[in-house]
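Just below is one structure, and these are the notes that go with it.
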Amino acid sequence: MSREAFRIGGVDVPAGTRRALELPIARLPHGAMAALPCVVVHGARPGPAVFITGAVHGDELTGVEVARRVLAQVRARDLHGTLVAVPMVNVFGVTEGSRFLPDRRDLNRSFPGSERGSLAGRLAHMVMTEIVAPCQVGIDVHSGSDHRHNLPQVRGDLDDPRTRELADIFGAPISIHARERSGSLRGEAAARGKKVLLYEAGGPHLFDPHAVDVGVAGVLRVLGALDMINASPIDHRTHPRISRRTLWTRALRGGLFRVETRLGARVRKGQALGTISDVMGHRLARVKAREGGVVVGLRMNPVVFQGDALVHVAVLEEPASSAGKRGAKVGGAVSTPAAPAPFRPQASDPEEARPPRDDGSHEGDA
Ligand SMILES: [Zn+2]
């Protein structure tokens, strides 16, 4: 039995082998060729093809480390199927420490791209044709952006049964239903029938150990569930919490933000999550939860402008059977404050006087 080679960038990767490649993207102004580094592990045995992508946003590095550690655990001779890893998609942004490309475009709004388009469009097109097209399943890894850190979370179209199943298997502390955004890698891959999870965890410009650990375990669980690897070393199936609605609390005025909650915390509607003060420390406003739920995103830089997104709360979909489990741990963080202060609306509080617009936006999203 001989399995066909996997063809990528004009190169044949024989079954049962691993190959690192650099796919040429474009020449830089000084003449060097910018290339897309990828690793193909083409298993000796047949099975599905799965891609894992990181750093589509150049400042979001979680996926770089997740891909490296997953690759370290997958051997071509044992693998059923094919793993295509692109740890650093936006090589330009990574070099500049930026979310964007040198053409100032957001790569994750540039899919599916085109061969003769902008630099972002060309890179997007290459990813679609070389990486996404031959795969059936994909995991795109992101981090919080712009001083925001995220609780490890999977985002996907949870109304699609297969995607929901994969999200459950991935087992992040929370799965958030998010429709595909057109122009995104996930959206355009899904439009081509691929099942894609977006794993979002940690903050920009760092390898957050917990974010990486949860991501590696999740990817390996998915590969195990697809019968690509022997997943026996992977622990039990998890039961992630589900959210279909998330809300940001924004700064109603500029100042210095002091956080009084943490990622994974269970919060009640109206609960104080922090304060905004002036330079001398005088409190200007309290920052309160707009709904009860789990803190899934948090601004870490205390210097805030009016309108900045500060705390992201995911409203949980509570299965009837878990109603008694409120206050359980989420993502390793204490989820119920030991002594929650009673909530007292204050008429003079600008948070109360003018609640933020509920735009349902996912700041820092893919
Ligand atoms: Zn991102």
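The values are calculated or read from the model by the stated rules, or taken from the named source; none is laboratory data. Small disclaimer: the values here were computed from a predicted structure and weren't measured. FYI the Cβ positions are ideal-geometry reconstructions off the backbone, even for glycines, and counts take in every protein chain you see.
Okay, here's what the table says:
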{"item": "Only listed residue being in a loop (DSSP other than H, G, I, E, B), in the same structural domain as residue 110 (by TED's automatic domain parsing) and closer than 18 Å to residue 53 by Cα, chosen from 193, 215, 187", "result": "193"}
{"item": "Filter pass, residue 200 being in contact with a strand residue (DSSP E or B) (Cβ under 7 Å, 6 or more places away or on another chain), among the acidic types (Asp, Glu) and either surrounded by 20 or more Cβ atoms within 10 Å (Cβ to Cβ) or at pLDDT 95 or above (or both)", "result": "yes"}
{"item": "The range 49-62: number of residues that are away from the ligand (no atom under 11 Å from the Cβ) and touching a helix residue (DSSP H, G or I) at 6+ places or on another chain (Cβ under 6 Å)", "result": "2"}
{"item": "Residue 249 vs. criteria touching a Pro at 6+ places or on another chain (Cβ under 7 Å) and among the β-branched types (Val, Ile, Thr)", "result": "yes"}
{"item": "Restricting the range 213-223 to residues that are touching a Pro at 6+ places or on another chain (Cβ under 9 Å) and surrounded by fewer than 24 Cβ atoms within 10 Å (Cβ to Cβ), the residue that is farthest from residue 169 (Cα to Cα)", "result": "213"}
{"item": "Boolean, residue 144 is under 29 Å from residue 303 (Cα atoms) and within 17 Å of the chain's Cα centre (by Cα)", "result": "yes"}
{"item": "The range 35-54: number of residues that are closer than 17 Å to residue 131 by Cα and either of a type outside the set (Val, Ile, Thr) or out of contact with any strand residue (DSSP E or B) (no Cβ under 9 Å at 6 or more places or on another chain) (or both)", "result": "11"}
{"item": "Residue match in the range 125-145 (condition: without any contact (Cβ under 8 Å) to a residue 40 or more places away in the chain and of a type in the set (Asp, Glu))", "result": "no"}
{"item": "Single match in 186, 162, 181 (criterion: in contact (Cβ under 8 Å) with a residue 40 or more places away in the chain and either more than 22 Å from residue 212 (Cβ to Cβ) or of a type in the set (Gly, Ala, Ser) (or both))", "result": "181"}
{"item": "Test: residue 97 is surrounded by fewer than 17 Cβ atoms within 10 Å (Cβ to Cβ), at positive phi and free of Cβ contacts under 8 Å to residues at least 60 places away in the same chain", "result": "no"}
{"item": "Filter result (within 17 Å of residue 50 (Cβ to Cβ) and among the aliphatic types (A, V, I, L, M)) within the range 137-169", "result": "137, 139, 141, 154, 166, 167, 169"}
{"item": "Test: residue 20 is within 18 Å of residue 96 (Cβ to Cβ) and in a strand (DSSP E or B)", "result": "no"}
{"item": "Residue match in the range 212-231 (condition: within 15 Å of the ligand (Cβ to nearest atom), hydrophobic (A, V, I, L, M, F, W, C) and touching a residue at least 40 places away in the same chain (Cβ under 8 Å))", "result": "no"}
